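Visitor: I'd like to ask you about the structure that follows.
The values are calculated or read from the model by the stated rules, or taken from the named source; none is laboratory data. This one's a predicted model, so the numbers in the text were calculated from it and none came from an experiment. Cβ coordinates were reconstructed from backbone atoms using ideal geometry, including for glycine residues, and neighbour counts include every protein chain displayed.
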Amino acid sequence: MTQRTAAARYARALFDVALAEDDPQLVEQQLTTVVEVFTGHADLWRAVTNPAVPVQKKRAVVDELLPQLALQPVVHKLIAMMAGRDRLLLLPDLLDTYRTRLLDHQEVVRADVTTAVPLAPERAEALKDKLTAITGRKVLMQTTTNTDIIGGVVARIGSTVYDGSVKRQLERMQERLQGAL
């Protein structure tokens with residue numbers, strides 16, 4: 001089983017319990033805090049993910065650290081269980097998968113938008129509204145610039161890419177011209 005698959009199983013179980021017994025958004029915030037604490041301290045992260053460190057020592061570190069974070073019982077139990085099974089390496093992937101499940105539950109999609117020049121706020125809002133209409137879901141949009149696309153917009157939502165870049169249009173024209181020869 002891959003690391004991503006194992007993390008997805010933990011995330012699914014955590015989300016189901018959070019949905020039934022707790023506030024899924026609060027669980028996401030607390031899980032984010034836990035991941036930031038562990039990955040934000042290089043020595044701590046190396047210690048809890050090093051296979052040479054005995055599981056008992058990892059569990060002792062986690063048992064000492066978790067009460068200071070004032071976590072919901074479901075998050076506390078999951079992190080303690082993962083430490084006992086030597087699975088703390090999965091935390092970043094678990095958080096990513098949990099966030100994806102939470103966004104899907106809230107009917108929200110992430111859109112990564114690339115433009116050749118920065119978008120004006122009103123143009124960004126218009127694009128966001130257009131993507132909302134296309135997907136039928138609320139859109140969380142992240143924009144980046146890349147002059148290689150020359151102009152236009154490239155939007156990635158999940159595995160779907162909407163490529164309206166000038167570069168791609170020129171490539172299509174070249175393909176049609178070469179096909180006509």
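Visitor: Going by the structure shown, is L19 among the aliphatic types (A, V, I, L, M), within 16 Å of A83 (Cα to Cα) and at pLDDT below 95?
Guide: no
Visitor: Also, I was wondering about something else. Kindly evaluate Q56 against the criterion of being surrounded by fewer than 17 Cβ atoms within 10 Å (Cβ to Cβ), closer than 12 Å to V75 by Cβ and without any contact (Cβ under 8 Å) to a residue 12 or more places away in the chain.
Guide: Answer is no for this residue.
Visitor: Is there any pair linking a residue in segment 124-138 that is among the hydrophobic types (A, V, I, L, M, F, W, C) to one that is in a helix (DSSP H, G or I), with Cβ under 6 Å and at least six apart or on different chains, and which?
Guide: Filtered contacts from segment 124-138: no entries.
Visitor: Restricting attention to segment 159-181, which residues are in a strand (DSSP E or B) and among the β-branched types (V, I, T)?
Guide: Result: T160, V161.
Visitor: Further question on the same structure: Of the residues L127, L131, L119, L102, only one is touching a Pro at 6+ places or on another chain (Cβ under 7 Å) and of a type outside the set (F, W, Y); which?
Guide: Exactly one residue qualifies, and that residue is L102.
Visitor: Take residues that are loosely packed, with under 15 Cβ neighbours inside 10 Å and among the polar types (S, T, N, Q) and tell me which of the strands (runs of 3 or more DSSP E) falling wholly in segment 83-157 contain 1 or more.
Guide: Ranges flagged: 138-145.
Visitor: Pairs only if they're at least six apart or on different chains, beta carbon under 8 angstrom, first in segment 78-92 and farther than 12 Å from V35 by Cβ, second in a loop (DSSP other than H, G, I, E, B); list them, first residue then second.
Guide: Once the first residue is farther than 12 Å from V35 by Cβ and sits in segment 78-92, its partners that are in a loop (DSSP other than H, G, I, E, B) give D86/P51.
Visitor: Looking only at segment 70-82, how many residues end up being surrounded by 14 or more Cβ atoms within 10 Å (Cβ to Cβ), part of a helix (DSSP H, G or I) and aliphatic (A, V, I, L, M)?
Guide: Going through segment 70-82 one residue at a time, the tally reaches 6.
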